[in-house]
Amino acid sequence: MSQAEPPTERRNPRTADIDTLESGDVLRLLLDEDARAVEAARAAAGPLAHAVDAAHGRLADGGRVHYFGAGASGRLAVLDATEITPTFGVPRELFTAHFAGGPAALTDSAIDREDAEPLGEADAQALGAGDVAVGITASGSTRYVAGALRAARAAGALTVLVTCNPDAPLRDLAEIVVVADTGPEALTGSTRLKAGTATKVLLNAFSTALMIKAGRTYGNLMVGLVATNAKLAERAVSLLAEATGAGADACRAALAEADGAIPEALVRLLTGCSAAEARAALGTGQGVRSAVAALGGHAG
């Protein structure tokens, strides 16, 4: 494995004099670098699609996704995993983020377990052959991630590495390597900046595409969202109205009859079926479109 200095640790000539500039020019440079990060993430779409398709097969057979990371990369993984349930209505355990050092280290950067390879191995012990392990490390060399990927691979899990280093030392531990080549940071070595932006873009895209393939959306509508407050309750009504053309009162009634379950309410509004028929059709796990087709209805 190469031990060369990762690109994220090199000095960026475009920002060498950033401390001498006015605030507007500082911000322009920072945002220009972030734009480069998004383009780097876009360039990784091919391998990311491979990861989505491979992960979809595991999840369809009952597997789960596990993120492993430390520092800024790990915190972004926690953010992504935490948002999956309220956005798509899936069980919390479907996406789990493991952070080096656990909850205490997550909120206290003074607790640094990035180099704890045995800890990564221990955190991955619960994985099985049907699961997906995603190691997230900007430098591609985090030892905690190395331990996790090694243990996950030994268990037969699908292993994916998300990194910003094309020569990542850990690439041989993953079946699929997703690289956003972001280059040097605006502030040398501060991977919470450009590398962090690319990492967030990649994780958002990965998890969202995976949930779309699992039938957790209807078009671009979040039919799996969990309405935990008044704003989201109204969003659910608007969503049903947008998808079906029904009036707000009819949408509220359908939601009430479905105990707040948006997919069930949507299937009933689109097909005119009973609650029991909607639940049975959705029980196949293929999403609203498949349920509507099974009931002989028309999905818009």
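For every residue, the table says whether it meets (1) closer than 29 Å to SER139 by Cβ; (2) aliphatic (A, V, I, L, M).
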{"position": "LEU187", "(1), (2)": "yes, yes"}
{"position": "PHE206", "(1), (2)": "yes, no"}
{"position": "LEU221", "(1), (2)": "no, yes"}
{"position": "ILE262", "(1), (2)": "no, yes"}
{"position": "LEU266", "(1), (2)": "no, yes"}
{"position": "LEU270", "(1), (2)": "no, yes"}
For residues that are under 16 Å from SER190 (Cα atoms) and surrounded by 12 or more Cβ atoms within 10 Å (Cβ to Cβ), tally how many sit in the stretch 12-30.
7
Among the residues of the stretch 60-100, which ones are more than 14 Å from the chain's Cα centre (by Cα) and open to solvent by less than 30 Å² (accessible area, probe 1.4 Å)?
GLY63, ALA70, GLY71, PHE99, ALA100
Out of (1) in a loop (DSSP other than H, G, I, E, B); (2) at pLDDT 90 or above; (3) polar (S, T, N, Q), what's the single condition that is false for GLN286?
(2)
From the list ALA116, ALA129, ALA155, ALA148, exactly one residue is of a type in the set (A, V, I, L, M, F, W, C), in contact (Cβ under 8 Å) with a residue 12 or more places away in the chain, open to solvent by 10 Å² or more (accessible area, probe 1.4 Å) and touching a Phe, Trp or Tyr at 6+ places or on another chain (Cβ under 8 Å). Which is it?
ALA116
Condition first: assigned to a strand (DSSP E or B) and either among the hydrophobic types (A, V, I, L, M, F, W, C) or open to solvent by 10 Å² or more (accessible area, probe 1.4 Å) (or both). Now tell me which residues in the stretch 158-213 satisfy that.
LEU158, VAL160, LEU161, VAL162, ILE176, VAL177, VAL178, VAL179
Within the stretch 254-279, track down each residue that is in a helix (DSSP H, G or I) and either at positive phi or loosely packed, with under 15 Cβ neighbours inside 10 Å (or both).
ALA256, ALA276
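The values are calculated or read from the model by the stated rules, or taken from the named source; none is laboratory data. The structure displayed is predicted, hence computed values, not measured ones. Glycine gets a Cβ as well: all are built from the backbone with ideal geometry, and neighbour counts include every protein chain shown. Areas reflect the complete protein model, heavy atoms only, side chains present, ligands, DNA and RNA absent. Shrake-Rupley method; radii C 1.70, N 1.55, O 1.52, S 1.80 Å.
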